[in-house]
Amino acid sequence: MIQFNRKYFLLFCLLFLTEVLIALYMNDSFIRPYFGDYLVVILIYCFLKSFLSSSKYKVAFFVLLFAFTVEFLQYLDCITFLGLQDYKIARIVLGTSFSWHDMLAYFFGYLSIVLVEFYICKNN
């Protein structure tokens, strides 16, 4: 079940660097809010696949459910309930506002994972 996969770990590192650069240098109305959300699903997937040899599709679905759960917690204003609204890192990681657009971005990230993994498996 636990097995290090260098390919996924390198992809995770590349995506993490990309997300950091987006967070630091992008202040637009598409890349940062939507493309960043799209990428974060792929980032989490690559991180998990770096260490887990579980089914690609199960891991991808788990990541989608996780992203949806975090977004739903934003809808419930969980960050205020937990008293973390004054902590910038908590606001960045947990988010502060629910958006259906974010849910769509997460779904497209999931769909990209499934399609790429299917294509790779089909060609091997």
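Each value in this text was obtained by applying a stated rule to the coordinates, not by laboratory testing. Since we're looking at a predicted model, the values are computed, not measured. Because the Cβ atoms are built from the backbone with ideal geometry, glycine has one as well, and the counts that use them run over all protein chains shown.
At-a-glance table
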quantity: Relative contact order of the range 6-123, pairs being alpha-carbon contacts under 8 Å that are 6 or more residues apart, as %; calculated: 31
quantity: Residue among GLY95, ASN27, SER54 farthest towards the positive dipole end of the chain, charges placed on Cβ; calculated: SER54
quantity: Net charge of Cβ neighbours under 15 Å - reference THR96; Lys, Arg +1; Asp, Glu -1; calculated: -2
quantity: Sorted largest first, extent of the chain alpha carbons per principal axis (Å); calculated: 48, 29, 25
quantity: Expected 222 nm ellipticity per residue - DSSP helices of 4 or more, -39500 (n - 2.57), all of the chain, to 500; calculated: -23500 deg cm²/dmol
quantity: Cut-off 15 Å between beta-carbons: net charge of the residues surrounding GLN74, Lys and Arg +1, Asp and Glu -1; calculated: -3
quantity: Net charge, GLU117 excluded, C-beta distance under 10 Å - Lys, Arg +1, Asp, Glu -1; calculated: +3
